[in-house]
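These notes are about the structure you will find just below.
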Amino acid sequence: MTVVCDVVLRIRKSSRKMLSRLRHIFKKAGDRHYGKVGVIGVPFEKGQTKEGVARGPEVIRAAGLINELQNLGIDVVDYGDVSYEIEKIAGVVNMPHLDHIAACTKKVSEVVQDIMKDNRRILTLGGDHSLGVGTIDGHVKAKKDVAVLWIDAHADLNTNKTSKSGNVHGMPVALLTSELSDYWPHLPGMDWQMPMLSIRNVAYVGLRSVDRYERLVIEKFGITAFGMEDVERYGIHDVIAMALKKIDPDNIKSLHVSFDIDSLDPLEAPSTGTAVRGGLSLREGIHLMEELYRTNRLNAVDLVEVNPKIGDERSISLTVGAALHIIQAGFGYTRRGLKVPKGVTDMPLQTFR
């Protein structure tokens, strides 16, 4: 049996033990919940070259995610994994698998729109980060006025002309934003996706591996971007506040968090394809998600780039556990403890005689 299969089986067998450990860190909020949530998996890995990231949705679900969301009092519907059919299209230089990427992201966009029409917030389990083209496109089409927090070690702002690797998981923000549309050739199969998101409504947190052309774009357009040096200087709480003030100054936009697990330090989440040392601590990632949840405008969360074929069993378990922590913090867990029952003002008295 492969390491991955063995880990999945172990996760399933020990899910109660794992969730008990999670509860030790998080306590459920008794005074608020997210109402209705739709969960989709996108087992997609054509946006990069490392096999295994397509199994991210499987291992995260196997760790008991759905039950924990339901235990919060949330009405959860798991819509399963997104499937798609490819069409034969012309290729584009330095964009391998464009046929798969176009078909998958289009389907993801459609599914996201359908779920949001049912008045559900949405959780998308990846899969590589190219799926963000679909989730954010669907969110913008459903809600119109959207602000995006891209939590990542990388800016994902390359085009096919600037990318050294040709990996499309390093291009989604450039594909999504209207200001960058002139930097692309015609992309066969992508006519459904007209960039409707302004780069002014995107904020980065956790950057520490930014290519030269990506830095040029960030500076040219004045993109809100907080690298790890900013997190160290200001602290994660103030970084979140500054990011929201920039991209949603009136506190009215529908928020979308696209969380790449590689934003966390590899000590916290080693099983990912493009790990970069010096990242967010798990505690910082949790606090970020807690604060965004408290806005009551967090309507979509992507959790991407968990790769259970990278690393040993301990590394995989650490990474899956970190992903669960991040997701749960974004859907209502708090570390403050359980709410005091209504009408209770004191501990039970016991008089010793």
Filtered trypsin sites (Lys or Arg not before Pro), the range 274-325: DSSP coil and at most 14 other beta carbons within 10 Å: Arg277
The range 51-70 and the range 187-250: distance between their alpha carbon centers, rounded to Å: 28 Å
Cβ charges +1 (Lys, Arg) and -1 (Asp, Glu), total dipole of the range 3-334, debye: 760 debye
Cβ crowding within 10 Å averaged over residues, with 74-83, 117-126, 325-334 ranked highest first: 325-334, 117-126, 74-83
Cross-link pairs Lys144/Lys253; Lys141/Lys253; Lys46/Lys117; Lys106/Lys245; Lys50/Lys164 - those with Cα-Cα distance over 20 Å: Lys46/Lys117; Lys106/Lys245
The range 279-353: GluC sites (Glu not before Pro) falling in loop per DSSP and having at most 14 other Cβ within 10 Å: none
Order by protection proxy (mean Cβ within 10 Å, highest first), peptides 262-272, 175-185: 262-272, 175-185
Computed [θ] at 222 nm, deg cm²/dmol, the chain (DSSP H ≥ 4; -39,500 (n - 2.57); rounded to nearest 500): -11500 deg cm²/dmol
Distance in nm between pseudo-label sites at Arg314 and Met196 (7 Å out along the Cβ direction from Cα): 4.8 nm
Among (i) 20.4; (ii) 18.0; (iii) 24.9, the entry that matches mean projected area of the Cα convex hull in nm² as calculated here: (i)
Inter-centroid distance (Cα atoms) of the range 78-120 relative to the range 287-352, Å: 30 Å
Positive minus negative residues near Pro270 (Lys, Arg vs Asp, Glu; Cβ under 15 Å): -3
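Here, each number is a calculation from the coordinates, and none is a lab measurement. Just so we're clear, the structure is a prediction, and the values are computed from it rather than from any experiment. When we count neighbours, we look across all protein chains shown, and the Cβ atoms used for this are built from the backbone with ideal geometry, even at glycine.
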